[in-house]
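The values are calculated or read from the model by the stated rules, or taken from the named source; none is laboratory data. Quick caveat, the model's predicted, so the values are computed rather than measured. Cβ: placed from backbone, ideal geometry, glycine included. Neighbour counts: every protein chain shown. Only protein heavy atoms, including side chains, enter the accessible area calculation; ligands, DNA and RNA are left aside. Shrake-Rupley method; radii C 1.70, N 1.55, O 1.52, S 1.80 Å.
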Amino acid sequence: MAPRNPSYTNPKPCLHLADFKLKHGLSGYKSIKKCLVTSPSGRSSVKKPNRKIPRCNYCSGCQGRLYFCLICSSVACLDHTLLHNQSEIGHDISVDIERAELYCFLCCDQVYDPDFDKVVMSNYIMDMPIGESIGERLSKRRRLGPGVELKLQELQQGVPIRDRKEKSCYPLGLRGLNNLGSTCFMNSVLQALLHAPPLRNYFLSGGHHPETCQKRTKQPLCLPCDINLMFSAVFSGDRTPYSPAQFLHSWWQQSANLASYGQQDAHEFFISLLDGIHEKENKSWHGNRGSSFTGDGGCQCIAHSIFSGQLRSDVTCMSCGFTSTTYDPYVDISLDLDTINFPSTEAAKKPITSNENSSISTLLGCLDLFTRPEKLGSDQKLYCQNCEEKQDSMKQMSIRRLPSVLCLHIKRFEHSLVKKMSRKIDRYLQYPFSLDMTPYMASSIVRNRFGNRIFAFEGDESPMYTEFEIFAMITHSGTLESGHYVSYLRLRNQWYKCDDAWITEVDETTVRASQCYMIFYVQKMLYHKANEDLNSLPISSQRDTFLPIAGCC
């Protein structure tokens, strides 16, 4: 049995929270106590007595995160809370309405205070019937079947049965991940990877062997070993939120330039994680069997065997028609939204929203833009081997080889080096759940270029699976400077929202209305097989090997 790590201590409160308590004491906590409500599942939230649905006092919106100011009791969405904090000096500490958690807008992070937790727990205890302990209450909740023992009175009040389903009814592997301090970027990507069918099958079937891996590398920290540990914990059947602290520590050691408690980019983390797996497994292969690279330049490591494909780039001389072709590997494809250029200095300070431009971007349109021929500028003239001088050229991208899992990254963060401006693009994007990549393959692009003539060229004529199904999607809400990542998972054709520690069942409309940032597709054959395999997945016997961090969620 693996030794347990020593218990973690509670994180120190931020200086702004300490300053708030010094000025106001616990009065702010006591004033919010009357607004705390506890659901039958034991989850606490904030609800103003005069409002059934909380709304932002500035824009009247009710979607996304809402925050309750502990100073003036105003409710605001993420964007307007930042404005409220800037206009009202000292209004730095708010409460996340949905989670009943403290949030500091100067630190842009959740903060922990045991005094606040005591207020929440005291309210939880007061809501219990007299003589009933917390243990008895939790025991009763575990014995309650999914809708079998619901009271007639609750049904008459119109409470949706779906909202009262126990999490034990969810597919195996749906487990929340604790936020360890601005780590929503990490949690959202991990949820997608944990439910990528080929990667899940690899780790749960014993594809990675921690014992032999550590002997080969002779290093105490191993990123694939910690990922293997995380898969075992998530698929153990335990529904309590999991703290990936050991994995975070290994990733920090692997990517020292990204090691901080600040918010990171989810896409950058995804690339860094795959690079870390590749580097570790390549060292293992080098020490044991030579190299993980195959003769054609491919890589046999689990990261590249699942996520890696190959792009084709054709540069055609506009003078003589000579075409130079190069091939490059990829683990994701970054797509531009078809947006307008920076209009002015003042407008550039605002995010691009769907209201500013009535046109709607589509994923197919983004793929068309990616594979569209592009004339290179006069300052980008390339050397033509046939003309033996630099000439104006036309460049066209296409996809030569598709991976088992296709990751599409939507470029929502725009930077202009000329005007020295940055902004986030909030434009709505339509995307299909079923995706056929045939029109964007090199075989299709090249044949269309030559009038659909049948050309046979190396490697591109081989049969390939081009039909994909979506299984995960990551969204980003908020601004360029401050925001929040959430992932959505599609299991057995049902969608689930993974918001750090919280897992909720959602409908298709909610998913389509979300602002997608990264979309994960898997080959259709593998998706349907994965849904069948969910019914027969073995429950891992390995439990958490360290204690969860107190105060994190």
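For the criterion of being within 30 Å of ARG492 (Cβ to Cβ) and at pLDDT below 85, MET473 fails.
Could you tell me which residue of the stretch 376-403 is least open to solvent (accessible area, probe 1.4 Å), considering only residues that are among the basic types (Lys, Arg) and touching a residue at least 24 places away in the same chain (Cβ under 8 Å)? By that ranking, first place goes to ARG400. The residue pairs whose first member lies in the stretch 487-500 and is within 11 Å of THR475 (Cβ to Cβ), whose second member is assigned to a loop (DSSP other than H, G, I, E, B) and open to solvent by 10 Å² or more (accessible area, probe 1.4 Å), and whose beta carbons are closer than 7 Å, counting only pairs six or more residues apart or on different chains, are TYR488/SER514.
ALA192: farther than 20 Å from GLY276 by Cα, in contact with a strand residue (DSSP E or B) (Cβ under 8 Å, 6 or more places away or on another chain) and not in a loop (DSSP other than H, G, I, E, B), yes or no? When the stated conditions are applied, ALA192 does not pass them.
Just one of the listed residues (GLY377, GLY365, GLY451) is small (Gly, Ala, Ser) and modelled with pLDDT of 90 or more, and it is GLY365. Summed over the stretch 404-430, residues that are under 25 Å from LEU274 (Cα atoms) and open to solvent by less than 10 Å² (accessible area, probe 1.4 Å) total 6. Figure legend. Inter-residue proximity from the stretch 421-438: first residues closer than 30 Å to SER482 by Cβ and in contact (Cβ under 8 Å) with a residue 60 or more places away in the chain, second residues buried (at least 16 other Cβ atoms within 10 Å of the Cβ) and acidic (Asp, Glu), beta-carbon distance below 7 Å, spacing 6+ or different chains. Indicated pairs: ARG423/GLU414; ILE425/GLU414.
Scanning the stretch 503-532 for residues that are over 27 Å from ASN179 (Cβ atoms) and among the polar types (S, T, N, Q) returns GLN523, ASN531.
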